[in-house]
Amino acid sequence: MKATELHTKSVDELNDELGRLKKEQLNLRFQQASGQLEKTARIREVRRTIARIKTIAAQKHAAAAKA
């Protein structure tokens, strides 16, 4: 997911997306451990998207606290 898409979402929507991605990350780790994972690059994509969401959420919290 692109950062521009994430900037348009509210904090609640970001938290929902974060929860969904963390579940996906867990499932991907299990698949990798059992040798069933086909797209290994997806782990990296999910990890980076989680970082993007956390960064944007922190920016929104800081902006709300400043206002």
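Would you confirm, using the coordinates I've provided, whether Arg20 is modelled with pLDDT of 95 or more, open to solvent by 100 Å² or more (accessible area, probe 1.4 Å) and of a type outside the set (Gly, Ala, Ser)?
Working: modelled with pLDDT of 95 or more: yes; open to solvent by 100 Å² or more (accessible area, probe 1.4 Å): yes; of a type outside the set (Gly, Ala, Ser): yes.
Yes, satisfied.
A quick yes/no check of all residues on (1) modelled with pLDDT of 95 or more; (2) surrounded by 11 or more Cβ atoms within 10 Å (Cβ to Cβ); (3) touching a Cys at 6+ places or on another chain (Cβ under 9 Å):
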residue	(1), (2), (3)
Val11	no, yes, no
Gln36	yes, no, no
Ala41	yes, no, no
Arg47	yes, yes, no
Ile56	yes, yes, no
Lys66	no, no, no
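Here's the yes/no breakdown for (1) of a type in the set (A, V, I, L, M, F, W, C); (2) within 23 Å of Ala63 (Cβ to Cβ); (3) assigned to a loop (DSSP other than H, G, I, E, B); (4) without any contact (Cβ under 8 Å) to a residue 12 or more places away in the chain:
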{"residue": "Glu5", "(1), (2), (3), (4)": "no, yes, no, yes"}
{"residue": "Glu17", "(1), (2), (3), (4)": "no, yes, no, no"}
{"residue": "Gln32", "(1), (2), (3), (4)": "no, no, no, yes"}
{"residue": "Ile43", "(1), (2), (3), (4)": "yes, no, no, no"}
{"residue": "Val46", "(1), (2), (3), (4)": "yes, no, no, no"}
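The values are calculated or read from the model by the stated rules, or taken from the named source; none is laboratory data. Worth saying up front: this structure is predicted, and the values here are computed from it rather than measured. Please note: Cβ atoms are built from the backbone with ideal geometry, for glycine as well, and neighbour counts cover all protein chains shown. For accessibility, only protein heavy atoms count, side chains too; no ligands or nucleic acids. Shrake-Rupley method; radii C 1.70, N 1.55, O 1.52, S 1.80 Å.
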